[in-house]
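Step one of this worksheet: look at the structure below.
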């Protein structure tokens with residue numbers, strides 16, 4: 001009995017070390033995607049009110065919990081609370097980034113999670129998630145007609161983007177060399193922006209949605225130089241996107257960038273400003289929900305010199321191969337719109353997991369060693385081994401934490417129109433607004449299932 005008490009105390013001690021972080025029965029015996037299955041399915045089917053009801057109060061800490069709350073509130077057209085939740089995430093990120101590299105609390109959390117599972121670690125958001133945080137804060141300011149506030153968030157988002165690119169510079173340059181060796185034509189956007197021409201690799205590191213929105217907002221504010229910087233960056237990431245191509249040529253022409261304009265027009269055709277007596281509608285369309293991480297588990301036996309057997313569960317996150325959800329074409333004034341891809345969020349999320357996988361595997365190996373040492377100290381008989389094996393099987397859970405309510409992909413579309421009332425039709429539902437002669441209107445919508453959230457703002461003369 002004494003040995004069993006020692007085993008229980010030893011097993012529990014690792015959990016106690018994590019009590020200051022994300023210690024809960026959910027994180028101990030389950031993982032993030034499983035705990036948020038109802039939330040995920042509600043968003044995926046466009047049931048935004050149900051999604052708000054399915055939100056967990058506290059699962060992954062202030063950063064990730066408020067990511068989800070903010071995103072779902074925005075989809076449910078609760079824009080004020082959506083912005084408030086995202087601001088709470090932002091504040092938590094600032095606190096995390098301002099902390100010393102190593103702290104007593106973080107060390108305790110790391111030790112505890114090493115002996116239990118990684119879900120008890122403090123959540124550190126991926127670069128692409130931080131980019132979306134500032135993007136959605138920026139959109140919240142646009143929705144509130146605060147262009148200056150939106151531009152502040154765009155600058156912060158661009159800092160995240162630049163840091164991510166610099167951290168992966170060597171790999172991007174390697175990908176560029178491989179593309180060059182295959183005789184592929186250079187990406188003009190990469191040339192103009194001094195970016196590595198790394199194709200799909202660059203697209204999984206940099207967010208074309210963010211760059212394009214930033215460029216539009218700079219252009220709307222009259223800062224053509226700032227707009228041109230971000231149009232070139234967007235073109236490097238999404239070289240076939242028609243709205244980015246048009247914006248880059250338009251601003252190059254207005255700035256008198258004759259050398260760049262010659263290159264752009266040679267590749268993409270003549271630059272055209274908005275014809276007299278006409279107006280423009282630009283649409284940014286989010287589709288679906290990013291894939292949620294799933295968990296893989298494998299039981300492995302370890303035999304000791306005394307003939308005893310311990311079972312250890314290896315648990316790692318992975319993405320299932322699932323088909324993208326198909327959506328009907330949008331219509332503007334009862335005519336179908338052709339859209340162009342801005343970003344594949346699935347690709348960015350998969351890239352992040354690939355980068356984290358070596359560290360996850362290393363921690364799994366270290367955890368097996370730590371647990372085996374714990375077992376040998378406390379489990380001296382068959383009953384003790386059985387208790388330990390059951391504990392290990394139940395508590396070894398994959399770390400599936402990620403911002404799982406983000407869109408799956410984002411597209412853009414545009415059309416020159418006659419001034420006056422415009423009608424956007426999405427899944428048979430009409431949304432009407434006006435645009436004055438010589439002006440441009442931006443329409444933002446997010447589509448999940450057969451439902452959507454939509455609003456518009458006037459950008460002025462572009």
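Let's see how each residue does on (1) buried (at least 17 other Cβ atoms within 10 Å of the Cβ); (2) in contact with a strand residue (DSSP E or B) (Cβ under 9 Å, 6 or more places away or on another chain); (3) not in a strand (DSSP E or B):
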site	(1), (2), (3)
220	yes, yes, yes
231	yes, no, yes
235	yes, no, yes
245	yes, yes, yes
259	no, no, yes
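Return a yes/no flag: does the range 145-162 have any residue that is modelled with pLDDT under 90, outside any loop (DSSP other than H, G, I, E, B) and buried (at least 22 other Cβ atoms within 10 Å of the Cβ).
Within the range 145-162, one or more residues are modelled with pLDDT under 90, outside any loop (DSSP other than H, G, I, E, B) and buried (at least 22 other Cβ atoms within 10 Å of the Cβ).
Go through the range 243-279 residue by residue and tally those that are under 19 Å from residue 197 (Cα atoms) and under 30 Å from the mean Cα position of the chain (by Cα).
So the count comes out to 3.
If I ask for residues that are assigned to a strand (DSSP E or B) and at positive phi, which ones from the range 440-462 would you list?
Correct list: 460 only.
Examine the range 268-290 for a residue that is touching a helix residue (DSSP H, G or I) at 6+ places or on another chain (Cβ under 6 Å), within 20 Å of residue 128 (Cβ to Cβ) and at pLDDT 95 or above, and state whether such a residue exists.
Kept after step one, since they are touching a helix residue (DSSP H, G or I) at 6+ places or on another chain (Cβ under 6 Å), are these residues of the range 268-290: 268, 271, 289-290.
Applying the additional criterion that residues be within 20 Å of residue 128 (Cβ to Cβ) yields 289-290.
Still in the list and also at pLDDT 95 or above: 289-290.
Yes, the conditions are met somewhere in the range 268-290.
Name the one entry in 437, 396 that is out of contact with any helix residue (DSSP H, G or I) (no Cβ under 6 Å at 6 or more places or on another chain) and at pLDDT below 95.
Values: 437 fails: at pLDDT below 95.
Of 437, 396, the one residue that is out of contact with any helix residue (DSSP H, G or I) (no Cβ under 6 Å at 6 or more places or on another chain) and at pLDDT below 95 is 396.
Criterion first (on the phi < 0 side of the Ramachandran plot, at pLDDT below 95 and either in the same structural domain as residue 350 (by TED's automatic domain parsing) or in contact with a helix residue (DSSP H, G or I) (Cβ under 6 Å, 6 or more places away or on another chain) (or both)) does residue 89 satisfy it?
Spelling it out, it is not the case that residue 89 is on the phi < 0 side of the Ramachandran plot, at pLDDT below 95 and either in the same structural domain as residue 350 (by TED's automatic domain parsing) or in contact with a helix residue (DSSP H, G or I) (Cβ under 6 Å, 6 or more places away or on another chain) (or both).
Any residue in the range 26-42 that is farther than 12 Å from residue 402 by Cα and assigned by TED's automatic domain parsing to the domain that holds residue 296 sitting within a Cβ distance under 6 Å of a residue that is surrounded by fewer than 19 Cβ atoms within 10 Å (Cβ to Cβ) and at pLDDT 95 or above? List the pairs, counting only those 6 or more apart or interchain.
Listed pairs, sorted by first residue: 42/50.
If residue 210 satisfies all but one of (1) buried (at least 24 other Cβ atoms within 10 Å of the Cβ); (2) touching a residue at least 24 places away in the same chain (Cβ under 8 Å); (3) more than 27 Å from residue 90 (Cβ to Cβ), what's the number of the condition it fails?
(3)
The values are calculated or read from the model by the stated rules, or taken from the named source; none is laboratory data. Values in this document were obtained by computation on a predicted structure and should not be read as measured data. Heads up, the Cβs are rebuilt from the backbone with ideal geometry, glycines too, and the neighbour counts pull from every protein chain shown.
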